[in-house]
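Some notes on the structure that comes next.
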Amino acid sequence: MRTFYRLFGATLFVALTSHATVLQTYNTRPSWEAATTGRADVDFESLGLSTGWFQSFSTAAGLTIGGVNIVGVLDVNQYFLWALNPPSGAPEDFGSSTIIRGPERRPTSYLSITLPAAVTSFGIDLMTYDPAAQSFAILLDGTQVATVTTAARPTRTFFGVTTDAPITEVRLVLTSSTNLTTQGLFDNLAYGSASAGEPPPGETPEVGTLIATGTGLMMVRYLRRRSRQQQMACLAAA
């Protein structure tokens, strides 16, 4: 019976450590909103920054707002994250009032966005400057799912995604520029749940199905083996 429990534990571990699968990505906010229920919008205007003002959140704790935690990682034990309300015509002005500015592009830098529990739909406006029109790699829980190239100022570039399982962390990594002063910006973060009508990415079994199926098969094998052993013992005794 110990063998059965070991096999069951292995099946349970594999099932529970599976990652979310992308159902669909979106490049327009209306289409993403149509595929999302229970949407929560995170707008940084609540920080109360006047035009031309900024505030630093360059610590390991970062900024927590609207149920979301945001950290700008520059290097090991180094952080860079600012909220700013740029004046009209500034390089960071994308007509979006208060925005978030992340770390400069470095091999070790990224923006980390930790989401509340049970989020399966995520959307965000992306921008870059110095220069503009650069690319972000988008990672969900450590797995890259998209590369998004931003538009030139003043156009914001939307990225949205729905998944079949909850997302814990979204990571934004600047990838295309060789300029170490290039910085990523974002605003109008939103999250919620993928609509029930979202198309599945093939017939992917759910965790519960995997556990039930695996457990059932292992139990059948165990019982058959035990029956054979008992039959052989009876023959030997005879």
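Coordinate-derived values only; no laboratory data. Bear in mind that the values here come from a model prediction, so they are computed numbers and not experimental data. Methodologically, a virtual Cβ is constructed for each residue, glycine included, from the backbone with ideal geometry; neighbour enumeration extends over all protein chains shown.
Structure values in brief
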| item | result |
| --- | --- |
| Ranked Arg106, Arg153, criterion: other C-beta atoms within 10 Å, fewest first | Arg106, Arg153 |
| Ascending count of other beta-carbon atoms within 10 Å, so fewest first, for Glu92, Glu45, Glu104, Glu169 | Glu45, Glu169, Glu104, Glu92 |
| Residue exposure sequence - Ser88, Ser96, Ser176, Ser56 - by fewest surrounding Cβ within 10 Å | Ser88, Ser56, Ser176, Ser96 |
